[in-house]
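The values are calculated or read from the model by the stated rules, or taken from the named source; none is laboratory data. Here the structure is a predicted model, which is why all the values come from computation and not from measurement. Methodologically, a virtual Cβ is constructed for each residue, glycine included, from the backbone with ideal geometry; neighbour enumeration extends over all protein chains shown. These accessible areas exclude ligands, DNA and RNA; they are computed on the full protein's heavy atoms, side chains included. Shrake-Rupley method; radii C 1.70, N 1.55, O 1.52, S 1.80 Å.
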Amino acid sequence: MMLSPLSAFEFKRKNTFIHHLDPRTLLYFVILTSILILQFQQLIPVVIIFVAIIPLLFVARIIREWIVSLKGFIFLILIIFFINVFFSPANNPHPTTFALSMIFRLLALVTTFALFFQTVHPDDLGQALVKLRMPYEFSWAITTAYRYVPTLAKEAQQIIDAQMSRGIEFQKGNFLKRIRNYIPLIVPLFISAIKRAWKLAEAMDSKAWGAAKKRTFLYELQMSPMDYVIIIIITIVFISVIYVRYILGLPAWAEWTLPPELELKEIGKWILGYIVNFLQL
Amino acid sequence: MDNIVQIRDLEFSYGTSRQPAIREIDLDIKKGEYIVIAGLSGCGKSTFCRCLNGLIPHFYRAGVMKGSVTVDGLDTREHPLYEITQKVGMVFQDPESQLMALTVERDIAFGPENLGLPREEIRIRVEEALELVKIAHLRERAPHELSGGEQQRVAIASVLALQPKILVLDEPTANLDPAGAVDVLNIIENLQVQKKITVIIVEHRLELALQSATRLLIMHDGTLVFDDKPERLIEKDITPAEVYGVQMPSLIQLFTQLMDEGHSFSQIPFNIPLAAAIILSELGSARSTSE
Amino acid sequence: MSITVKNLDYTYPSGVAALNNVSLKINKGEHIAIMGANGAGKTTLIKHFNGLLKPTKGHVLVNDIDTITSSVAEMAKIVGFVFQNPDHQLFLTTVEEEIKFGPTNFNFPEEQIQRDMEKVVTFLNLKNLLKRSPFSLSEGERKRVALASVLVMNPEILILDEPTMGQDAIQKRNIAKMIEELNQQGRTIALVTHDIEFVAEYQPRVVAMTEGRVIADGMAKDVLTNLEVLTKTKLRPPQITALAWEIANQKQSFPKDVITISEMKTKLLALER
C-alpha cells in the first residue's frame with residue numbers, strides 16, 4: 001500500500017511571469033475568480049470561465065502537473081455527476097446539463113486554487129498574510145503545517161510498512177472493519193506528532209522565538225507596478241462579468257441546455273438500479 | 001574569569017518524577033574547550049544540555065531546579081530564554097523537528113528575525129552562517145529534500161545565526177549515517193578551532209568525537225562520574241569507562257590490551273596516524289626495556 | 001528457510017530506480033549484514049523479503065514462495081521485520097496486548113500464544129513490564145517490546161533495519177547478544193546497518209550495495225578491508241583496519257586485511273620479532 005501526496009497543490013519553483021507576482025495579487029485573483037465561478041449555475045458561462053483560466057496554466061508552465069493531478073479528481077467528478085443526475089429534484093428538467101455545469105464549476109475552482117498553490121511559495125503566502133494584518137502566529141501555523149506535510153507523509157508510510165509487517169491488513173473487511181484497521185496507523189502517527197510538536201517548540205524557544213515585539217523578515221514582499229496592472233485588470237473583468245450577470249442579464253445562448261433525448265436520467269436510473277441489485281445493498 | 005560556564009550544585013527533577021534527573025553537578029568550562037559528554041541513555045545528558053541553554057528552567061516550568069548555571073555572565077534563572085539562547089546555541093538530535101521553515105535560507109533567518117534585527121543585518125548573518133557550515137549551495141532547498149547530514153548542518157547554521165559563544169549539541173549524529181556524521185563533526189571541529197566557539201557535545205561515536213575533544217565528561221545516574229582529559233580514561237586508578245556503558249573506541253581497546261601485556265607508550269592516541277607512528281617507534285623498544 | 005533474489009529490479013512509482021539487477025541467496029541459518037550509503041537501495045531490498053514491495057522485474061523467493069503470489073500478512077508468519085523506530089508500531093495500552101496482537105490477529109490458538117509470549121518475554125527480559133503502557137517505557141525497552149511483538153510469531157527469518165542506530169554501548173551489546181542467540185536457534189538473520197565497528201566485531205557475511213547494485217558479497221574480513229568497496233559505499237574502514245593500512249604504508253609486509261582487535265594484537269606482536 002502506497003500513500004501518494006496530493007500533488008495538485010504542491011509548490012514547484014519555476015521562473016515565470018506568474019511565479020514572480022506578489023502573492024497578494026494572486027490571492028486577489030483566487031478570491032475574485034472563485035466568487036465569479038460561484039455566480040453561475042448555467043453550463044455555458046461556467047465552461048467559458050474554465051476555458052479562460054487554462055491559458056494561465058501555460059503561462060505558469062504547470063499544465064503537465066495540472067493534468068496529472070486532475071486524475072486524482074476523477075472519482076469525485078463521477079460522484080458529483082451521479083448524484084446530480086440521479087438525485088436531482090424532480091422539478092429540474094435538465095439534470096445532466098446541471099451535473100455537467102457542477103463538474104466544470106468544480107474543475108474551474110480546483111484549477112484556480114491549483115494555480116495559486118503551485119505558484120505561490122508557502123513562505124511567501126505566510127508573509128502575505130502578515131502583510132494583510134494577520135497575526136504572525138497564525139501565518140506561522142499555516143506555513144508550518146505546510147512544512148510538515150512531507151514529513152508526516154513519510155512517517156505514515158513507515159508506520160504502514162511496520163504494521164503490515166506484523167500482519168495487519170488495512171484493506172481487509174467491510175467498511176466499519178476498515179476504519180478500525182486504521183487505528184494501528186493513527187495512534188502511532190498521533191503520538192509521534194505530539195512528540196514532534198514538543199521538540200519543535202523546544203527548538204523554536206532555543207532560537208529566540210518571541211524575543212522582539214516586532215518581528216522582522218529576511219524577505220519583505222514588494223508590489224511591483226506589474227502587480228498593480230494585474231489587479232486593475234482583474235477588477236475590471238470582475239466588475240464587467242457581475243454587471244452582465246445581474247444588470248444586463250444573460251443572453252439566451254448562455255442558458256443553453258442539452259436536448260431532452262440526451263438527458264440521462266431515465267437510462268441512468270435503470271443502470272443505477274442494476275448496480276444496486278448487483279451489490280445487494 | 002575565563003570560565004564561560006559556571007555550574008554550582010545543580011539539580012533538576014521533572015514534574016513527573018521526584019527522582020532528580022541530574023544532581024550534584026559542579027562544573028566550570030573554559031572558553032574554547034571542546035567537551036564530549038558520554039554515558040548510557042537516560043543518564044541525564046539531555047537534561048544537562050537543557051540546563052545550559054536555559055530551556056531548563058524556562059521551558060520545563062513544571063520541574064524543580066536547584067543550584068545555579070551561569071553562562072557568559074548570565075544567571076540562567078534570572079534572564080529570559082531569548083537572551084540566553086544568544087549566548088548558548090542548541091542543536092538537537094532529530095533534524096526534522098528543528099527545521100521549521102520551507103527553505104534553508106529562511107530557516108537560518110528564523111532566529112535573527114525573532115530578534116527583530118534590521119533586514120541587512122539578517123542577510124549578513126544568514127550569509128555568514130551558510131559559509132561557516134558550507135551549505136551556501138543548499139540555500140533554496142526545502143528541508144525534506146536534504147540528507148540527514150545536510151539537515152543537521154542547516155540546524156547548526158540556524159543556531160549560529162544567533163551568534164552564540166557556546167554550542168551545545170545533544171546527540172547530533174545519532175540519526176545519521178557515518179558519512180553524514182563525519183561531515184557534521186568536521187564542521188563542529190572547525191567552528192571550535194576557527195571561531196573559538198566553545199563546544200559541548202553529547203556523542204556516542206567516541207572514535208570520531210574524541211579526536212578533537214579537550215575534555216571528556218561521563219555521566220551516570222544523573223551525576224558526573226568522570227571529568228578529565230580523554231587520555232586519562234585508560235589509567236589504572238580510574239573506574240573503567242565500560243562500567244558506565246561508554247564504549248571505548250577499538251583503537252583505545254587495542255592500546256589498553258597491549259598495555260595489559262606489559263607494553264608502555266609515551267601517550268594514548270585518538271587518531272590513526274598518531275597511533276601508527278607510536279606503534280612503529282615504541283612497540284619494539286617498549287618490549288626490549290621490559291624484558 | 002532461505003531467501004533467493006533473482007535479477008531483481010525495483011522502480012518506485014515516482015520513477016526513481018532503486019534496485020538494478022540484484023541477485024542474492026541467503027541460506028537457512030545465515031547471518032548477513034547489508035551495508036551501503038544512504039540511497040544505495042538497502043531498505044528497498046529488505047522490503048522485498050517480506051513482500052512489502054513487489055519486484056518491478058525479477059523474483060524474490062522466500063523458501064520457494066514467490067513474494068508476488070503472497071500477501072505481506074501471510075509472509076509475516078515466516079519473516080519477522082523489525083523497524084528502526086519502535087514508536088512506529090506500538091499502539092496498544094499494555095506491553096502484553098502489544099506482544100499478543102500479532103498472533104491473536106492470526107487467530108493462533110490461545111495456549112500457543114501464551115506459551116510463545118512467555119518464551120519471548122523471558123528471552124527479552126520483559127516480565128516486569130507486561131502490565132505497563134509501552135509509552136511509559138524507555139527507548140531501549142520500547143525497542144525490546146517491538147522486537148518481542150515480532151518474535152512472538154516465531155518467524156524463521158528475522159530482518160532488522162539499523163538495530164544499533166542511536167543505541168548506547170550496553171544496548172548495543174545486548175542487541176548483538178540477542179542476534180547471536182536467535183541465529184544459534186537456527187533463525188536466518190538479515191540486517192541493514194551503517195555500524196561498521198559492530199559488523200567488524202561480530203563478523204556476519206557482508207553484502208555491500210551502491211546505486212541499487214550489489215558490489216561485494218563475502219566475509220566481513222574481505223569486504224570491510226577492500227578500499228574500493230569502502231569508497232563506493234561511503235563507509236570508513238574499521239579503526240583497526242585503518243590502523244593496519246597506516247602501518248602497512250610504512251612497513252610493506254604488514255597485512256592489510258585485519259579487522260579485529262585480537263587479530264591486530266597478534267600481528268603487532270609478530271611484527272616486533
Go through the stretch A:206-237 and report how many residues are buried (at least 16 other Cβ atoms within 10 Å of the Cβ), in a helix (DSSP H, G or I) and among the β-branched types (Val, Ile, Thr).
3
For the stretch B:182-196, give me each residue that is within 13 Å of the chain's Cα centre (by Cα) and either within 14 Å of chain C (Cβ to nearest Cβ) or crowded, with 22+ Cβ neighbours inside 10 Å (or both).
B:Val184, B:Leu185, B:Asn186, B:Ile188
Please verify whether A:Ala203 is without any contact (Cβ under 8 Å) to a residue 60 or more places away in the chain, open to solvent by less than 40 Å² (accessible area, probe 1.4 Å) and in a helix (DSSP H, G or I), treating the condition exactly as stated.
yes
Might you check whether a residue that is surrounded by 18 or more Cβ atoms within 10 Å (Cβ to Cβ), more than 30 Å from A:Gln222 (Cβ to Cβ) and polar (S, T, N, Q) occurs anywhere in the stretch A:56-76?
yes
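Kindly provide the set of residues from the stretch C:82-91 that are outside any strand (DSSP E or B) and either among the aromatic types (Phe, Trp, Tyr) or more than 8 Å from chain A (Cβ to nearest Cβ) (or both), ordered by number. Break it down into steps so the answer makes sense when it comes.
Step one: of the stretch C:82-91, the residues outside any strand (DSSP E or B) are C:83-91.
Matches in the stretch C:82-91: C:Phe83, C:Gln84, C:Pro86, C:Phe91.
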Complete set of residues in the stretch B:34-57 that are within 27 Å of B:Gly116 (Cα to Cα) and either open to solvent by less than 30 Å² (accessible area, probe 1.4 Å) or modelled with pLDDT of 95 or more (or both):
B:Cys49, B:Arg50, B:Cys51, B:Leu52, B:Asn53, B:Gly54, B:Leu55, B:Ile56
Residue count, the stretch C:201-243, condition in a helix (DSSP H, G or I) and modelled with pLDDT of 90 or more, comes to 15
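Taking the stretch B:125-144 as the search range and keeping residues that are assigned to a helix (DSSP H, G or I) and touching a Pro at 6+ places or on another chain (Cβ under 9 Å), which one is farthest from the other protein chains (Cβ to nearest Cβ)? I'd like the intermediate steps shown before the answer.
Kept after step one, since they are assigned to a helix (DSSP H, G or I), are these residues of the stretch B:125-144: B:125-132, B:136-138, B:143-144.
Imposing the further condition that a residue be touching a Pro at 6+ places or on another chain (Cβ under 9 Å) reduces the set to B:125-126, B:143-144.
Working: B:Arg125: 10, B:Val126: 7, B:Pro143: 7, B:His144: 4 Å.
That would be B:Arg125.
Checking the conditions here, which among C:Val223, C:Val206, C:Val214, C:Val229 is away from chain B (no Cβ under 11 Å), closer than 24 Å to C:Lys47 by Cβ and either charged (D, E, K, R) or open to solvent by 20 Å² or more (accessible area, probe 1.4 Å) (or both)? Break it down into steps so the answer makes sense when it comes.
On the way: C:Val223 fails: either charged (D, E, K, R) or open to solvent by 20 Å² or more (accessible area, probe 1.4 Å) (or both); C:Val206 fails: either charged (D, E, K, R) or open to solvent by 20 Å² or more (accessible area, probe 1.4 Å) (or both); C:Val229 fails: either charged (D, E, K, R) or open to solvent by 20 Å² or more (accessible area, probe 1.4 Å) (or both).
From the options C:Val223, C:Val206, C:Val214, C:Val229, the qualifying one is C:Val214.
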Subset of the stretch C:138-162 (residues that are open to solvent by 10 Å² or more (accessible area, probe 1.4 Å), within 27 Å of B:Tyr244 (Cβ to Cβ) and in contact with a helix residue (DSSP H, G or I) (Cβ under 7 Å, 6 or more places away or on another chain)):
C:Gly140, C:Glu141, C:Arg142, C:Lys143
Tell me, please, whether a residue that is surrounded by 15 or more Cβ atoms within 10 Å (Cβ to Cβ) and either within 11 Å of another protein chain (Cβ to nearest Cβ) or under 23 Å from the mean Cα position of the chain (by Cα) (or both) can be found in the stretch A:174-182.
yes
When the stretch C:44-60 is checked residue by residue, the ones that are among the β-branched types (Val, Ile, Thr) and part of a helix (DSSP H, G or I) are C:Thr44, C:Ile46
In the stretch C:61-81, what residues are surrounded by 23 or more Cβ atoms within 10 Å (Cβ to Cβ) and not in a helix (DSSP H, G or I)?
C:Val62, C:Val79, C:Gly80, C:Phe81
Give the number of residues within the stretch B:262-276 that are open to solvent by less than 20 Å² (accessible area, probe 1.4 Å) and at pLDDT 90 or above.
2
Those residues of the stretch A:183-229 which are of a type in the set (Phe, Trp, Tyr) and more than 7 Å from chain B (Cβ to nearest Cβ) amount to A:Phe190, A:Trp198, A:Tyr219, A:Tyr228
Any chance the stretch C:28-39 includes a residue that's open to solvent by less than 60 Å² (accessible area, probe 1.4 Å) and either touching a Phe, Trp or Tyr at 6+ places or on another chain (Cβ under 6 Å) or over 30 Å from B:Ala174 (Cβ atoms) (or both)?
yes
Where a residue in the stretch B:126-147 is within 19 Å of B:Leu185 (Cβ to Cβ) and open to solvent by less than 90 Å² (accessible area, probe 1.4 Å) and its partner, wherever it lies, is at pLDDT 95 or above and assigned to a loop (DSSP other than H, G, I, E, B), with Cβ under 8 Å and at least six apart:
B:Ala129/B:Ala161
Scan the stretch B:245-259 for residues that are open to solvent by 20 Å² or more (accessible area, probe 1.4 Å) and modelled with pLDDT of 85 or more and jot them down.
B:Gln253, B:Thr256, B:Gln257, B:Met259
Run B:Asp107 past the list (1) within 16 Å of B:Ala155 (Cα to Cα); (2) at the interface with chain A (Cβ under 9 Å from one of its Cβ atoms); (3) part of a helix (DSSP H, G or I) and report the number of the one that doesn't hold.
(2)
Within the stretch C:99-111, is there a residue that is of a type outside the set (Gly, Ala, Ser), part of a loop (DSSP other than H, G, I, E, B) and under 12 Å from C:Ala148 (Cα atoms)?
no
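Any idea which residue in the stretch B:225-244 is modelled with the highest pLDDT, counting only those that are out of contact with any strand residue (DSSP E or B) (no Cβ under 6 Å at 6 or more places or on another chain) and crowded, with 19+ Cβ neighbours inside 10 Å? Full working, then the answer.
At the first step, the residues of the stretch B:225-244 found to be out of contact with any strand residue (DSSP E or B) (no Cβ under 6 Å at 6 or more places or on another chain) are B:228-229, B:231-243.
Within this subset, residues satisfying the condition of being crowded, with 19+ Cβ neighbours inside 10 Å are B:233, B:241.
Values: B:Leu233: 80, B:Ala241: 73.
Once the filter is applied, the top-ranked residue is B:Leu233.
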Within the stretch B:48-61, is there a residue that is closer than 30 Å to C:Met165 by Cβ and more than 14 Å from every other protein chain (Cβ to nearest Cβ)?
yes
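Just one of C:Val192, C:Val207 is under 20 Å from C:His31 (Cβ atoms), touching a Lys or Arg at 6+ places or on another chain (Cβ under 6 Å) and touching a residue at least 12 places away in the same chain (Cβ under 8 Å); which is it? Steps first, answer last, please.
Working: C:Val207 fails: touching a Lys or Arg at 6+ places or on another chain (Cβ under 6 Å).
Exactly one of C:Val192, C:Val207 is under 20 Å from C:His31 (Cβ atoms), touching a Lys or Arg at 6+ places or on another chain (Cβ under 6 Å) and touching a residue at least 12 places away in the same chain (Cβ under 8 Å), namely C:Val192.
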Is the stretch B:161-180 home to any residue that is polar (S, T, N, Q) and either away from chain C (no Cβ under 14 Å) or in contact with a Leu (Cβ under 6 Å, 6 or more places away or on another chain) (or both)?
yes
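May I ask you to say which residue of C:Thr241, C:Thr260, C:Thr266 is in contact with a Ser or Thr (Cβ under 9 Å, 6 or more places away or on another chain), more than 8 Å from chain B (Cβ to nearest Cβ) and open to solvent by 10 Å² or more (accessible area, probe 1.4 Å)?
Values: C:Thr241 fails: open to solvent by 10 Å² or more (accessible area, probe 1.4 Å); C:Thr266 fails: in contact with a Ser or Thr (Cβ under 9 Å, 6 or more places away or on another chain).
Answer to the selection: C:Thr260.
Return yes or no: is C:Thr43 within 30 Å of B:Asn175 (Cβ to Cβ), within 14 Å of chain A (Cβ to nearest Cβ) and surrounded by fewer than 23 Cβ atoms within 10 Å (Cβ to Cβ)?
Yes.
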Spot the failing condition for B:Tyr244; the list is (1) in contact (Cβ under 8 Å) with a residue 60 or more places away in the chain; (2) under 21 Å from B:Asp28 (Cα atoms), and only one is missed.
(2)
